[in-house]
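Enquirer: Sharing a structure, written as structure tokens. Questions coming.
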Amino acid sequence: MSNALIVIDVQNDFCPAGALAVPEGDLIVPGINALMAGFDVVVLTQDWHPAGHSSFASSHDGKAPYDMIDMPYGPQVLWPDHCVQGSTGSAFHKDLNVTRPDLVIRKGMNPAIDSYSAFFENDQTTPTGLEGYLRTRGVTDVTLVGLATDFCVNFSAVDAAKLGFDVTVKQALCRAIDLEGSLDAARAGMRAAGVTLA
Ligand code: VGL
Ligand code: ZN
């Protein structure tokens, strides 16, 4: 039995001055680095979209960032172009410890499906492979930190709980986008799924 720290999307585009900046997104970096030493397994996730991704408002005529659209898999927020594969914005924050982590898992590569969760794409069926990695490493307990609390951390935490992991979100080492109450909704959804909000 071992525990894992999953660090969600601590990338330049989610930090101040980034394309989809999360307020204070950079402030959590030192605390995340310090936390890594206490875990058997450390995983980083990296939002990694091809140019022209379907989650970008710029890919839809007449749509603006933060509009909603209906995708075949359900409603989807449209975002500014962000985390385009290989761009500076897609790189990890320069101060994030990228030496300690065991695994980097990239997500959001399918042009037609967004992927908030580190476990499944937004169709809620296509796996990223992270579940299998954690199980073969003997992981039973996962702690999540990173960006953004109400999107990728939230979806990852709820999926991890559904998969049977014992899940904790360390809120002080997360920051939110908070679109129209999305942070409160995310907190309620995580609690309902059995996630511990620490
Ligand atoms: C995220 C919106 C779009 C996140 C990623 O990391 O929370 N949010 N892509
Ligand atoms: Zn994204």
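The values are calculated or read from the model by the stated rules, or taken from the named source; none is laboratory data. Values in this document were obtained by computation on a predicted structure and should not be read as measured data. Note that we place each Cβ from the backbone using ideal geometry, even for glycine, and neighbour counts take in every protein chain shown. Ligands, DNA and RNA are stripped out before the accessible areas are found, and what is left, the full protein with its side chains, is counted by its heavy atoms. Shrake-Rupley method; radii C 1.70, N 1.55, O 1.52, S 1.80 Å.
Enquirer: One-quarter of the Cα convex hull surface for region 7-66, in nm²?
Expert: Numbers: hull surface 20.7 nm².
Its average projected convex-hull area is 5.2 nm².
Enquirer: Using the crude model of +1 on Lys and Arg Cβ and -1 on Asp and Glu Cβ, and no other charge, please compute the dipole size for region 99-191 relative to its Cα centre, in debye to 20. Intermediate results must be reported in sequence, preceding the final value.
Expert: Details: 10 positive and 12 negative charges, 73 e Å.
The calculation lands at about 340 debye.
Enquirer: Based on the mean of other Cβ atoms within 10 Å per residue, sort peptides 9-22, 53-66 so the most packed one is first. If you can, show how the numbers build up before the last one.
Expert: Working: 9-22: 22.4, 53-66: 15.1.
The densest-packed peptide leads the list: 9-22, 53-66.
Enquirer: Please name whichever of 86, 69, 19 sits farthest to the positive end of the charge dipole of the chain, dipole taken about the Cα centre and charges placed at Cβ: Lys and Arg +1, Asp and Glu -1.
Expert: 86
Enquirer: Report ³J(HN,Hα) in whole Hz for each residue of region 81-88, in order, from the Karplus equation J = 6.51 cos²θ - 1.76 cosθ + 1.60 where θ = phi - 60°; Gly and Pro get x.
Expert: Karplus values, whole Hz, x for Gly and Pro: 3, 7, 6, 6, 3, x, 6, 4.
Enquirer: Extending each Cα 7 Å along its Cβ direction at residue 85 and residue 172, get the distance between those two points in nm, one decimal.
Expert: 3.9 nm
Enquirer: For residue 94, give me every one of the lysines with a C-alpha distance below 25 angstrom, ignoring sequence neighbours fewer than eight places off in its own chain.
Expert: Once the sequence-local lysines are set aside, what remains near residue 94 is 107, 170.
Enquirer: Roughly how many whole Å is it from the C-alpha centroid of region 8-60 to that of region 168-198?
Expert: If we compute the Cα centre of each part, the gap is 16 Å.
Enquirer: Roughly how many Å² of residue 71 are accessible to a 1.4 Å probe, to the nearest 10?
Expert: Roll a 1.4 Å probe over it and residue 71 shows about 30 Å².
Enquirer: Measuring from label point to label point, each 7 Å out along Cα→Cβ, what is the residue 34 to residue 179 span in nm?
Expert: 3.3 nm
Enquirer: While we're on this one: Could you please state how large a percent of the accessible area of the chain is carbon and sulfur, counting protein chains only and using a 1.4 Å probe?
Expert: Values: 4520 of 8460 Å².
So the carbon and sulfur contribution to the accessible surface is 53 percent.
Enquirer: Determine the per residue accessible area of the chain with all protein chains present and a 1.4 angstrom probe, expressed in square angstrom. Could you put the intermediate results ahead of the total?
Expert: Values: 8460 Å² over 198 residues.
Per-residue accessible area for the chain comes out at 43 Å².
Enquirer: Sticking with this one: Over all Cα pairs of the chain, how is the pair count split among 10 Å bins, expressed in % and running from 0 up to the last occupied bin?
Expert: Histogramming the chain at 10 Å steps yields 9, 39, 39, 12, 1, 0 percent.
Enquirer: For a Förster distance of 35 Å, can you work out the FRET efficiency between the beta-carbons of residue 198 and residue 67, rounded to the nearest 0.05? Write out the running numbers ahead of the final one.
Expert: Numbers: r = 34 Å, r/R0 = 0.97.
My answer for the efficiency is 0.55.
Enquirer: Oh, and also: Quick one: if the Förster radius is 35 Å, what FRET efficiency do residue 51 and residue 163 give, using the C-beta to C-beta distance and rounding to 0.05? Intermediate values should be presented prior to the final figure.
Expert: Numbers: r = 32 Å, r/R0 = 0.91.
In this case the efficiency is close to 0.65.
Enquirer: Pick out, in residue order, every one of the trypsin sites (Lys or Arg not before Pro) in region 69-138 that is DSSP loop and has at most 14 other C-beta atoms within 10 Å; say none if there are none. Present the calculation step by step, with values, prior to reporting the outcome.
Expert: Details: sites: 94, 106, 107, 135, 137; in loops: 94, 137.
Those satisfying the criteria are 94, 137.
Enquirer: I've got another one for you. Rule-of-thumb check for region 66-162: C-alpha Rg over 2.2 N^0.38 Å? Can you show the working numbers first?
Expert: Details: Rg = 14.2 Å, N = 97, 2.2 N^0.38 = 12.5 Å.
Ratio of Rg to 2.2 N^0.38 Å for region 66-162: 1.14.
Enquirer: Taking amide H positions as placed in the peptide plane 1.01 Å from N, state which residues far from residue 51 in sequence (5 or more) or on other chains have amide H under 5 Å from it.
Expert: Under 5 Å from the amide H of residue 51 lie the amide H atoms of 85, each far enough along the sequence or on another chain.
Enquirer: Compute the helix-to-body angle for 182-192: its Cα long axis versus the longest principal axis of the chain, expressed 0 to 90° and rounded to tens.
Expert: Helix 182-192 sits roughly 40 degrees off the main axis of the chain.
Enquirer: A further question follows. Quick one: length gained pulling residue 102 to residue 17 fully straight, 0.36 nm per residue minus the C-alpha distance? List each step's numbers first, then the result.
Expert: Details: separation 85, 0.36 × 85 = 30.60 nm, distance 2.85 nm.
Here the segment from residue 102 to residue 17 would lengthen by 27.7 nm.
Enquirer: At 0.36 nm per residue, minus the direct Cα-Cα distance, what do residue 58 and residue 141 gain on full extension? Give it in nm, one decimal, please.
Expert: Details: separation 83, 0.36 × 83 = 29.88 nm, distance 3.89 nm.
That works out to 26.0 nm of additional length.
Enquirer: Helix-only estimate, please: 222 nm mean residue ellipticity of the chain, summing -39500 (n - 2.57) across DSSP H runs of length 4 or more and dividing by its residues, to the nearest 500. Could the numbers behind the result be given before it?
Expert: Working: 4 runs with 34 residues, N = 198.
So the calculated ellipticity at 222 nm is -4500 deg cm²/dmol.
Enquirer: Also, quick follow-up: ³J(HN,Hα) across region 50-63 via Karplus (A = 6.51, B = -1.76, C = 1.60, θ = phi - 60°), whole Hz, x for Gly/Pro?
Expert: x, 4, x, 4, 5, 7, 8, 4, 5, 8, 10, 4, x, 9
Enquirer: Moving to a separate point now. What do you get when you divide the Cα radius of gyration of region 97-141 by 2.2 N^0.38 Å, with N the number of residues?
Expert: On the way: Rg = 11.9 Å, N = 45, 2.2 N^0.38 = 9.3 Å.
Output field value: 1.28.
Enquirer: Hey, got the dipole for the chain? About the Cα centre, +1 on K and R Cβ, -1 on D and E Cβ, debye to the nearest 20?
Expert: Details: 12 positive and 23 negative charges, 107 e Å.
Using Cβ point charges on Lys, Arg, Asp and Glu, the chain gives about 520 debye.
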